[in-house]
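The structure appears right after this line, and notes come after that.
The values are calculated or read from the model by the stated rules, or taken from the named source; none is laboratory data. These numbers were taken from a predicted model, which means no experiment stands behind them. Cβ coordinates were reconstructed from backbone atoms using ideal geometry, including for glycine residues, and neighbour counts include every protein chain displayed. All accessible areas refer to the heavy atoms of the entire protein, side chains included, with ligands and DNA or RNA removed. Shrake-Rupley method; radii C 1.70, N 1.55, O 1.52, S 1.80 Å.
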Amino acid sequence: MRLYSLSVLYKGDARVQLLKAASDVSTFNFFQRSSVQEFMTFTSQLIVERSQLGSRASVKEQDYLCHVYVRPDGLAGVVIADNEYPSRVCFTLLDKVLEEFSRQVSRADWPLGSPATIGYAALDEYLSKYQNPRDADPMSRVQAELDETKIILHNTMESLLERGEKLDDLVSKSEVLGVQSKAFYKTARKQNSCCEIM
């Protein structure tokens with residue numbers, strides 16, 4: 001999972017203005033990096049230009065996804081990531097960046113601003129922080145912990161059964177399960193084994 005670009009733009013009446021951008025092109029060939037960076041800027045501007053005010057979208061281009069959010073006031077953000085990076089995390093990042101940007105940079109500077117004139121330096125930090133969605137996003141962290149717990153529980157059950165104990169034997173010997181529960185288990189087990197054969 002990787003983020004390649006994070007841009008803040010302004011969608012005015014006449015044209016789309018790039019206000020600030022950060023990119024990580026370290027995974028590309030050294031001689032291709034400037035071209036890749038220019039293409040990401042071009043793509044970000046094009047996507048914002050073709051998006052409606054107040055809209056969110058994800059556009060797939062080869063192995064990359066471009067996530068765009070254009071606010072009703074014309075302020076827009078674009079994240080370019082690989083296909084594996086979670087879309088929800090990208091839109092959370094865009095919300096956070098655009099909200100912070102609008103508090104720190106005067107709205108009067110948006111229509112005529114450029115990367116050289118806009119004094120907002122947090123994009124590189126956000127791009128770096130969000131490279132690992134688990135570290136940056138609480139929901140991703142919780143999901144990862146749940147996935148790890150499922151794996152541990154599955155492995156624990158397998159290791160229990162690997163010691164020569166069969167679940168069928170444990171169910172039949174159980175004093176906790178009633179007669180109906182044991183019958184239900186046997187019926188469910190038979191149905192599952194019939195489905196596996198077919």
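Points worth noting:
- Filter result for Asp168 (open to solvent by less than 90 Å² (accessible area, probe 1.4 Å), charged (D, E, K, R) and at pLDDT below 70): yes
- Here is the figure for the range 49-68: residues that are closer than 19 Å to Asp82 by Cα and free of Cβ contacts under 8 Å to residues at least 40 places away in the same chain total 12.
- In the range 46-79, the residues that are open to solvent by less than 10 Å² (accessible area, probe 1.4 Å), within 15 Å of Leu18 (Cα to Cα) and not in a loop (DSSP other than H, G, I, E, B): Val48, Val68, Val70, Leu75, Ala76, Gly77, Val78, Val79
- One residue alone among Gln180, Gln143, Gln104 is open to solvent by 70 Å² or more (accessible area, probe 1.4 Å), over 21 Å from the mean Cα position of the chain (by Cα) and either hydroxyl-bearing (Ser, Thr, Tyr) or modelled with pLDDT under 85 (or both), and that residue is Gln180.
- Among the residues of this structure, Ser26 does not count as one that is open to solvent by less than 40 Å² (accessible area, probe 1.4 Å) and at negative phi.
- The set of residues in the range 26-44 being out of contact with any Phe, Trp or Tyr (no Cβ under 7 Å at 6 or more places or on another chain) and within 20 Å of Tyr130 (Cβ to Cβ) consists of Ser26, Thr27, Phe28, Gln37, Thr41, Thr43, Ser44.
- With respect to the conditions (1) assigned to a helix (DSSP H, G or I); (2) over 15 Å from Leu3 (Cα atoms); (3) over 14 Å from the mean Cα position of the chain (by Cα), Asp95 lacks only one, and its number is (3).
- Among the candidates Glu175, Glu148, Glu125, the residue that is at pLDDT 85 or above and out of contact with any Leu (no Cβ under 6 Å at 6 or more places or on another chain) is uniquely Glu125.
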